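> Here it is, the structure, as structure tokens.
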Amino acid sequence: MSEIQIPTDPEQYAELVSRLLASHGFTVTRPPEGSRSHTLEIERDGNRLAVLLKNHKAKCNVAQIEKFTDFLESPGAERFQAGWMISASGFSKPALTHIETSHVKRLNLWSQVGSRIQRTYPPSDGALAEQQPQPRTSRQMYFGIFTCKGGVGKTTIAAHLAGAFALMGYDVVLLDLDPEKNLRKLFMQGPDDEAPSLYVPSRTKGQPGSTITVLNHDEWEPSQYREMQIVICDCSPVLEQNPAGLVERFDYCVVPTTLTPLGIAKNADVITRTFRHIRQMNDHAALFALINGYDPSEAVAKKNEKLLQHLARHLSAYIQTDPLCRFIHPDDAVIRFSTTLQYWGFHLIDGTKPQLAFSEQRGKSHPRTDFLKLADYLEDHTAIEELRRQER
Ligand SMILES: Nc1ncnc2c1ncn2[C@@H]1O[C@H](COP(=O)(O)OP(=O)(O)O)[C@@H](O)[C@H]1O
Ligand SMILES: [Mg+2]
């Protein structure tokens with residue numbers, strides 16, 4: 001296979017791919033002027049397809065796929081039998097997990113490999129098993145979910161971020177550092193369950209699924225769980241109650257907040273205090289403020305914008321002093337308000353078995369999409385930081 005140089009200019013890339021598609025018998029045209037939803041329109045054997053090209057260095061992420069899927073489902077897009085996304089750098093693991101778990105129809109993903117364009121989704125039968133070996137990280141990655149304030153979603157976020165990684169094929173440990181032990185209670189399979197856990201079946205037939213294991217911090221011994229690649233800590237709101245040895249290991253720390261006027265007035269200080277606290281014990285973790293319980297509806301868009309500006313202003317003084325700290329804009333990643341998350345834990349009342357709040361409603365699961373998107377953002381963002389550090 002001959003290697004070709006992928007042009008960095010989108011226009012040149014579009015020309016390159018157009019030639020490739022034309023050589024396969026497609027008639028290639030450009031969409032109407034000003035259209036940003038797709039790059040090319042192609043036709044063969046009476047089938048019309050919308051093609052979106054991405055020639056970024058970074059892999060395509062969940063947000064980009066969501067945007068294209070929304071376009072395919074929008075009025076007017078019925079004239080396309082399907083949509084193709086062609087990426088010069090492939091697709092992120094969370095993005096592929098999102099696609100495979102949400103069974104998006106009329107969407108094909110293609111990746112450029114050398115001078116060829118290979119189908120990534122839907123995968124051909126043989127390619128599937130090949131494509132999804134258990135993912136491996138070079139070492140255990142530690143995530144802390146922490147804020148000095150209670151009731152903003154720490155436990156919910158810790159559990160479902162674990163769920164997103166499990167869907168991606170990782171075995172995950174959830175460490176319950178909060179004296180309230182909510183995480184433990186929520187994963188117990190019965191009142192006497194001393195080792196709470198959850199099995200997340202694989203999205204690929206014939207492949208083993210992943211495990212989520214809940215442990216108290218005194219049960220955690222990294223060398224005994226070498227197969228566990230992701231460790232997520234649901235922290236105590238009292239920083240000093242969290243074992244220093246664990247906080248030191250955090251690679252990422254997520255600080256959840258809500259976007260309400262009272263929440264922000266009080267919370268902006270809480271967040272910066274939380275960041276400072278963590279920094280005293282850990283100088284290398286990437287720190288992220290994340291909005292939880294977000295309402296993305298048009299009716300409150302203006303209010304949200306004002307609240308976001310207010311919060312960003314409050315956090316900026318600290319963030320400017322700390323290059324590894326970010327306020328995640330909801331466009332990039334956010335946990336939306338969701339009734340399945342709100343009622344998560346109902347099994348404690350009706351005695352059913354625990355499960356994550358990833359069940360679908362009308363074919364969609366907002367929590368599942370949001371947490372995969374968060375995993376995507378964290379991974380991508382820290383990779384960039386890593387590059388910057390190397391450049392320095
Ligand atoms: N995104 C969300 N949408 C709806 N309800 C949520 C969301 N996040 C958290 N909740 C609800 O808010 C409450 C507090 O969340 P929890 O995770 O227990 O917070 P913390 O651990 O910080 O005290 C829980 O009842 C949970 O179900
Ligand atoms: Mg909690």
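The values are calculated or read from the model by the stated rules, or taken from the named source; none is laboratory data. In this text the structure is predicted, and so the values were computed from the model without any measurement. Note: ideal-geometry Cβ built from the backbone for every residue, glycine included; neighbour counts use all protein chains shown. With ligands, DNA and RNA removed, areas are computed over all heavy atoms of the protein, side chains included. Shrake-Rupley method; radii C 1.70, N 1.55, O 1.52, S 1.80 Å.
> Grab every C-alpha pair in the stretch 10-131, bin the distances at 5 angstrom width from 0 up to the longest one, and report whole percents.
Binned Cα distances yield the sequence 2, 11, 22, 26, 21, 14, 4, 0, 0.
> Ok, one more. For N108 and R79, what does the FRET efficiency come to when R0 = 22 Å and r is the distance between their Cβ atoms, rounded to the nearest 0.05?
My answer for the efficiency is 0.85.
> Could you give the length gained by full extension between E33 and N47, i.e. 0.36 nm per residue of separation minus their alpha carbon distance, to one decimal place?
2.8 nm
> Please give the length that would be gained between R313 and T8 if that part of the chain were fully extended, namely 0.36 nm times their separation in residues minus their C-alpha to C-alpha distance (nm, one decimal).
106.3 nm
> Please compute the Cα-Cα pair-distance distribution of the chain with 10 Å bins starting at 0, giving whole percents from short to long.
4, 21, 30, 25, 14, 5, 0
> Okay, next question. Using r as the Cβ-Cβ distance of K302 and F337, and R0 as 22 Å, what FRET efficiency do you calculate, to the nearest 0.05?
In this case the efficiency is close to 0.80.
> On a 0 to 90 degree scale, rounded to 10, what angle separates helix 154-167 from the longest Cα axis of the chain?
Rounded to the nearest ten degrees, it is 40.
> Kindly state, to the nearest 0.05, the FRET efficiency for R116 paired with E15, given R0 = 22 Å and r defined as their beta-carbon distance.
Step by step, r from the Cβ atoms, then E = 0.80.
> Based on DSSP H runs of at least 4 residues, each adding -39500 (n - 2.57), what is the mean residue ellipticity at 222 nm of the chain after dividing by all its residues, to the nearest 500 deg cm²/dmol?
Here the helix-only value at 222 nm equals -11000 deg cm²/dmol.
> Any idea how far apart D322 and A58 come out in nm if each label point goes 7 Å out from Cα toward Cβ?
2.1
> Same structure, new question: Across all directions of projection, what mean area in square nanometres is found for the Cα convex hull of the stretch 161-270?
Mean projected area for the stretch 161-270: 9.1 nm², to one decimal.
> Still on this structure, I have one more. Using only the Cα atoms of the stretch 204-263, build the gyration tensor, take square roots of its eigenvalues as a ≥ b ≥ c, and label the shape rounded, prolate or oblate: rounded if a/c is under 1.5, else prolate if a/b is larger than b/c, else oblate.
Verdict is oblate for the stretch 204-263.
> Can you work out the accessible area per residue across the chain, with the rest of the protein chains kept in place, probe 1.4 Å, in square angstrom?
On a per-residue basis, 50 Å².
> Continuing with the same structure: Output the antiparallel fraction of DSSP beta bridges having both residues in the chain, as a percent to the nearest 5.
30
> Where does helix 261-281 land angle-wise versus the long Cα axis of the chain, in degrees 0 to 90, nearest 10?
Value to nearest ten degrees: 80.
> Also: Taking the Cα atoms only, what angle lies between the long axis of helix 62-73 and the longest principal axis of the chain, rounded to 10 degrees?
50
> Roughly how much of R184 is accessible, in Å² to the nearest 10, using a 1.4 Å probe?
Accessible surface of R184 is approximately 40 Å².
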